[in-house]
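Here is the structure we will look at, set down as structure tokens.
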Amino acid sequence: QESLTNFTPDTTNTAGDLRLSSGSTFVQAVETKQQILVFTDRSLFSMRFIGPPFTFGLQELSKNITIMSPNSAVAVDDIVFWMGKENFYIYTGSVQKLDCTVRGKVFNDFNLRQSAKVFAAVNSTYNEVWWFYPSASSENNDKYVVYNYQEQLWYFGDMPRTAWSDRGIYDYPIAASTDGFLYEHERDLNDGSVSPATGLNSFIESSQMDIGDGEQFTFVSRVIHDVTFDGSSSQNPKMNVVLKSRNFPGVNFTETSTSAVTKTATLPVEQFTEKSDVRLRGRSFVLRYESSETDVQWRAGSVRVNVRTDGKR
């Protein structure tokens, strides 16, 4: 305890060693408020201070777990999240698998030969844990998956990052990229990796919706919007609503309708495009809001879509 360099056990110091009873490789250690979690390639241990004569004690918490890399676990207070091989895990006093709605999206497009480059990051401002990983066609981290632990939601995207530091000393999270630059996250509404800065591509898309199974076709005629552009610095912020339909699960979308949603006034309340009249038919349809405009921030609320049963042509 008195020296950072003396590891030789002696009666006058607390140096020593502990043997992990399970696993063949030490992978990572994560410090929490109450303990240090120690990962091997197939098990998880808790290391706690117990005082003399042994100083620290080990307790096995779980067997037959996996961990992707030496930086794929991260602590949020006393909760630890990590990426395993084919699964995500959480420790809250016991080990559990996280129910991941995008699990197939992540692990079916993954370069396992470069798995050691995976790292976890915390974006505490928005209650998020991020994992950056290399896709199947990349030798470096080029994609990310995010778990919002407050909302219990998953989302994903493309972004090359090699290291991350959450806000603390600095006002914004700072991340390193494969291009050799450091980037401040959450600071602006635009992509500053290019000059001049461009709008960030953002979207939210529903799953497929239908009226019923079998031969029932859906006809979509109107979308009533519920959005806000609060926080945008653009004088005329706008976005697009896109509807897509198809007749069979195994084919591309056959019909697409795109309409603009524009902010029209602020007072007495925020006003924007009230509705979009469309003509779309198919067994199922998808609703998508998207934007790539500069200086635009948006959120979608309870959108209403006018649908009715339609027949074959």
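Here are some notes:
- Count of residues meeting criterion [open to solvent by 60 Å² or more (accessible area, probe 1.4 Å) and closer than 19 Å to residue 230 by Cα] in the range 189-202: 2
- Of the candidates 233, 202, 206, 221, the single residue that is touching a Ser or Thr at 6+ places or on another chain (Cβ under 7 Å) and of a type in the set (Gly, Ala, Ser) is 202.
- The one condition in (1) surrounded by 15 or more Cβ atoms within 10 Å (Cβ to Cβ); (2) within 26 Å of residue 292 (Cβ to Cβ) that residue 120 fails to fulfil: (2)
- For the range 171-184, the condition holds for at least one residue, the condition being that it is free of Cβ contacts under 8 Å to residues at least 12 places away in the same chain and on the phi > 0 side of the Ramachandran plot.
- Lone unmet requirement of (1) among the charged types (D, E, K, R); (2) over 28 Å from the mean Cα position of the chain (by Cα); (3) modelled with pLDDT of 95 or more for residue 281: (3)
- Verdict on residue 217 being modelled with pLDDT under 95 and among the aromatic types (Phe, Trp, Tyr): yes
- Enumeration of residues in the range 258-274 that are outside any strand (DSSP E or B) and of a type in the set (A, V, I, L, M): 267, 269
- Among the residues making up the range 217-251, those that are outside any loop (DSSP other than H, G, I, E, B), hydrophobic (A, V, I, L, M, F, W, C) and under 27 Å from the mean Cα position of the chain (by Cα) are 227, 239, 241, 242, 243.
- Qualifying position, being more than 17 Å from residue 224 (Cβ to Cβ) and modelled with pLDDT under 95, among 309, 264: 309
- Any chance residue 186 is touching a strand residue (DSSP E or B) at 6+ places or on another chain (Cβ under 8 Å) and open to solvent by 40 Å² or more (accessible area, probe 1.4 Å): yes
Residue-by-condition table, conditions (1) closer than 30 Å to residue 14 by Cα; (2) of a type in the set (Phe, Trp, Tyr):
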| position | (1), (2) |
| --- | --- |
| 41 | yes, no |
| 44 | yes, no |
| 55 | yes, no |
| 63 | yes, no |
| 68 | no, no |
| 73 | yes, no |
| 78 | yes, no |
| 83 | no, no |
| 89 | no, yes |
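- Close pairs (6 angstrom Cβ cut-off, 6 or more residues apart or separate chains): in contact (Cβ under 8 Å) with a residue 24 or more places away in the chain and farther than 11 Å from residue 283 by Cα in the range 204-223, open to solvent by less than 70 Å² (accessible area, probe 1.4 Å) and among the charged types (D, E, K, R) anywhere: 205/288
- Residue count for the range 91-120, restricted to those that are small (Gly, Ala, Ser) and either touching a Gly at 6+ places or on another chain (Cβ under 6 Å) or under 14 Å from residue 156 (Cβ atoms) (or both): 1
- Options 205, 139: the member that is exposed (fewer than 15 other Cβ atoms within 10 Å of the Cβ), farther than 20 Å from residue 82 by Cβ and modelled with pLDDT of 95 or more: 139
The values are calculated or read from the model by the stated rules, or taken from the named source; none is laboratory data. Bear in mind that the values here come from a model prediction, so they are computed numbers and not experimental data. Heads up, the Cβs are rebuilt from the backbone with ideal geometry, glycines too, and the neighbour counts pull from every protein chain shown. When the accessible area is computed, the model is the full protein with side chains, heavy atoms only, and any ligands, DNA or RNA have been set aside. Shrake-Rupley method; radii C 1.70, N 1.55, O 1.52, S 1.80 Å.
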